[in-house]
Amino acid sequence: MPEATFHFPPGFKWGVATASHQVEGNNTNNQWWEWEQQEGRIKQGHTSGRACDWWENAEADFDRAAAMGLNALRLSIEWSRVEPEPGRFDNAVLERYREMLRGLQQRGLEPMVTLHHFSNPLWLEQQGAWINEGTISYFVRYVERIVKLLGDQVTLWCTINEPNVYAVMSYLYGLFPPGQRDFKATRVVLQNMLKAHGAAYRAIHRLQPAAKVGLAHNLRFFDPANPRSLLDRLVASVLDRGFNRATFDAVWKGWWSLPMGFGPAWSLRHTLDWVGLNYYTRDLVAFDRGAKETLFSRLTHAPDAELLDGGYGELYPEGLRRAIKRLWRMRLPIYITENGIPDSDDDQRPAALLLHLHQLWKILQNNIPVQGYYHWTLVDNFEWAEGWTLPFGLIEMDPATGIRIPRPSADLYTAIVRGNAITPALLDAYAPRLRPRILPD
Ligand code: BGC
């Protein structure tokens, strides 16, 4: 039997990622809370409620993360708590975040702090939020306050999580608040968020020269359903441009490209110290003459694809390697800021975790500087419009009671992290069917 152990570099960052609204509970002052109270918005009428109770007791889950041997954790700050009314900052809230960050440091978990992860203060939403260019200066003011107060505990900052997903889900598909379906608005929102990223990048560096500032991008591949069809290739490339390329053209090349039109965005150029990759799945794209609303595209899956629960898409681990290779064109340090699958019975997650980490290992052999991997996520959390129906946790949680039960994947991740490697014994124990796929002949 061939044997091989896949070692990760010494000091590799192993973490988990979360977002404030999904875990804190009782975030009553943002647009999501309001949205959740409206009928028909969230699957099965779910609400975030107490979520994972992090506002009261994040430390219990920090203990779990530390017990797994992790050395990193990504969380986000809830703007609506910090600045409940325009210009009024809540010191008690900031003190609670200080306490959480201290708690992470004490447990050997290096924090990565996201400053915006989908949720807006209600007062901002009521003014149109990211539709307005004025939001950029509000964001910078909030960011400055955070960096001044928490900067002694954090050097790794992620300005905005997935501007592309926020813009598309909120303004094109209408599935996130404010539920609009307007292509022009989508473009404006994406553009304002990228401008805000650039402005925040500079503001953070002014206050904290040693800061490492990046952005988390959800890179989703749109591959032509039939690679020999010119039209499939064309629509796939249009989607890729809008969803993926436009963001990096802006924040790296300093150039607005489609769907933002064309033109210089010099102030955004090189506003990344690192780039964050949120990788989940890919789509195949077919040309569809009748689908005007979706730019003549129809999304499908590969016929032989293993599908994920809840219609989440294909299990496509090779995409992680492809995505990293693509980001490496910018020659920046890379963090995998999110990666995971929804899987309540954990029948796919162990293999999925091994396959994705094996792809990551492969890329590391090419000396591409991936600095860390943050699994999405530690404990089942509130999955936005999908409510509690898509459980991404290594640890299962019943939202009614808060009772947590580790899934087998939690043990697997612990073993990988503690050994800093994928071993044949782990393959045999958790996903023996992968042996021929992963171990060389
Ligand atoms: C988001 C997370 C979300 C995850 C799983 C990402 O796009 O950043 O907030 O929970 O996907 O769907």
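What the table shows:
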quantity: Any hit, the range 118-135, residues being under 17 Å from Gly151 (Cβ atoms), among the hydrophobic types (A, V, I, L, M, F, W, C) and either within 16 Å of the ligand (Cβ to nearest atom) or in contact with a Lys or Arg (Cβ under 8 Å, 6 or more places away or on another chain) (or both); calculated: no
quantity: Any hit, the range 5-25, residues being away from the ligand (no atom under 16 Å from the Cβ) and in a helix (DSSP H, G or I); calculated: no
quantity: Any chance Tyr142 is more than 22 Å from Trp14 (Cβ to Cβ) and away from the ligand (no atom under 16 Å from the Cβ); calculated: yes
quantity: Output for the range 43-84, where each listed residue is in contact with a helix residue (DSSP H, G or I) (Cβ under 7 Å, 6 or more places away or on another chain), among the small types (Gly, Ala, Ser) and not in a helix (DSSP H, G or I); calculated: Ser48, Ala51, Gly69, Ser76
quantity: Helices (runs of 4 or more DSSP H) wholly inside the range 343-438 containing at least 3 residues that are open to solvent by less than 10 Å² (accessible area, probe 1.4 Å); calculated: 349-364, 408-419
quantity: Residues that are surrounded by fewer than 14 Cβ atoms within 10 Å (Cβ to Cβ) and out of contact with any helix residue (DSSP H, G or I) (no Cβ under 9 Å at 6 or more places or on another chain), drawn from the range 17-42; calculated: Gln37, Gln38, Gly40
quantity: All positions within the range 85-134 that are in contact (Cβ under 8 Å) with a residue 12 or more places away in the chain, in a loop (DSSP other than H, G, I, E, B) and of a type in the set (D, E, K, R); calculated: Arg107, Glu133
quantity: Elements of type strands (runs of 3 or more DSSP E) in the range 264-330, at least 3 residues being within 16 Å of the ligand (Cβ to nearest atom) and within 17 Å of the chain's Cα centre (by Cα); calculated: 274-279
quantity: Options Phe222, Phe176; residue that is under 21 Å from the mean Cα position of the chain (by Cα), outside any helix (DSSP H, G or I) and closer than 30 Å to Met100 by Cα; calculated: Phe176
quantity: Residue within the range 176-189 that is under 29 Å from Glu318 (Cα atoms) and either free of Cβ contacts under 8 Å to residues at least 12 places away in the same chain or in contact with a strand residue (DSSP E or B) (Cβ under 9 Å, 6 or more places away or on another chain) (or both) present; calculated: no
quantity: Test: residue in the range 191-201 that is open to solvent by less than 50 Å² (accessible area, probe 1.4 Å) and either more than 19 Å from Ala129 (Cβ to Cβ) or free of Cβ contacts under 8 Å to residues at least 12 places away in the same chain (or both); calculated: yes
quantity: Residue satisfying all of: in the range 46-69; touching a residue at least 40 places away in the same chain (Cβ under 8 Å) and over 30 Å from Asn420 (Cα atoms); surrounded by the fewest Cβ atoms within 10 Å (Cβ to Cβ) among these; calculated: Gly49
quantity: Hits in the range 259-294 - residues which are modelled with pLDDT under 95 and either within 23 Å of Tyr374 (Cβ to Cβ) or open to solvent by 80 Å² or more (accessible area, probe 1.4 Å) (or both); calculated: Phe262, Lys292, Glu293
quantity: Enumeration of residues in the range 142-166 that are charged (D, E, K, R) and in contact (Cβ under 8 Å) with a residue 40 or more places away in the chain; calculated: Glu144, Arg145, Lys148, Glu162
quantity: Some residue of the range 327-345 being farther than 26 Å from Val113 by Cα, touching a strand residue (DSSP E or B) at 6+ places or on another chain (Cβ under 9 Å) and not aromatic (Phe, Trp, Tyr); calculated: yes
quantity: Residue in the range 327-335 that is of a type in the set (Lys, Arg) and open to solvent by 10 Å² or more (accessible area, probe 1.4 Å) present; calculated: yes
quantity: Where Trp14 falls short, out of the listed (1) open to solvent by 10 Å² or more (accessible area, probe 1.4 Å); (2) farther than 24 Å from Phe118 by Cβ; calculated: (1)
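The values are calculated or read from the model by the stated rules, or taken from the named source; none is laboratory data. Remember, it's a predicted structure, so these values are computed and weren't measured experimentally. In this analysis, Cβ positions are derived from the backbone assuming ideal geometry, glycine residues included, and neighbour counts consider all displayed protein chains. Surface areas here come from the heavy atoms of the whole protein model, side chains and all, with no ligands, DNA or RNA. Shrake-Rupley method; radii C 1.70, N 1.55, O 1.52, S 1.80 Å.
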